[in-house]
Ligand SMILES: [Zn+2]
């Protein structure tokens, strides 16, 4: 996972297995901290996460991020936009391509978020 705002590498990355590790479906929570933009968290079950959430600390409360005066509580990923047919395909939930933020869905420019 990278910072949704600056695409920078996150520090203090924690990967927590939530489901049974012997199960065939990967169920994990990923948390990491951008030195500039704070903590972010994503949970997924078998498929890439649909959203990345800004949080106040690992496993903490959601927080809002202000971009262009808009309050953003979650960042939809590219995976969230994949149509249903593709969603049934077997994909690697850890494939970083699907973890990218879909700024079109948010309706603000990524550049404005990267200040
Ligand atoms: Zn950042």
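Here, each number is a calculation from the coordinates, and none is a lab measurement. All values reported here derive from a predicted model rather than from experimental measurement. Virtual Cβ from ideal backbone geometry, glycine too; neighbours counted across all protein chains shown.
Find the relative contact order for the range 1-80 and round it to a whole percent, using C-alpha pairs within less than 8 Å whose residues are 6+ positions apart.
Over the range 1-80, the number comes to 21 percent.
Per residue, the chain reaches -2500 deg cm²/dmol at 222 nm when only DSSP H runs of four or more residues are counted, each adding -39500 (n - 2.57).
For the chain, modelled as a GNM whose springs connect Cα atoms under 10 angstrom apart, the maximal fluctuation among 88, 57, 16 occurs at 88. What residue among 35, 93, 49 has the largest mean-square fluctuation in a Gaussian network model of the chain, using Cα springs under 10 Å? The residue with the greatest mean-square fluctuation here is 35.
From least to most packed, judged by other beta carbons within 10 angstrom and beginning with the fewest, 94, 66, 5 follow the order 66, 94, 5. Cβ crowding within 10 Å ranks 64, 90 as 90, 64, fewest other Cβ atoms first.
When the chain is treated as a Gaussian network with alpha carbon springs shorter than 10 Å, the biggest mean-square fluctuation among 105, 14, 89 belongs to 89. Counting other Cβ atoms within 10 Å as a rough exposure proxy, the listed residues 47, 104 run 104, 47 from fewest neighbours to most.
Take the alpha carbon gyration tensor of the chain, find the square roots of its eigenvalues, order them as a ≥ b ≥ c, and report rounded if a/c is under 1.5; if not, report prolate when a/b exceeds b/c, else oblate. The shape class here is oblate.
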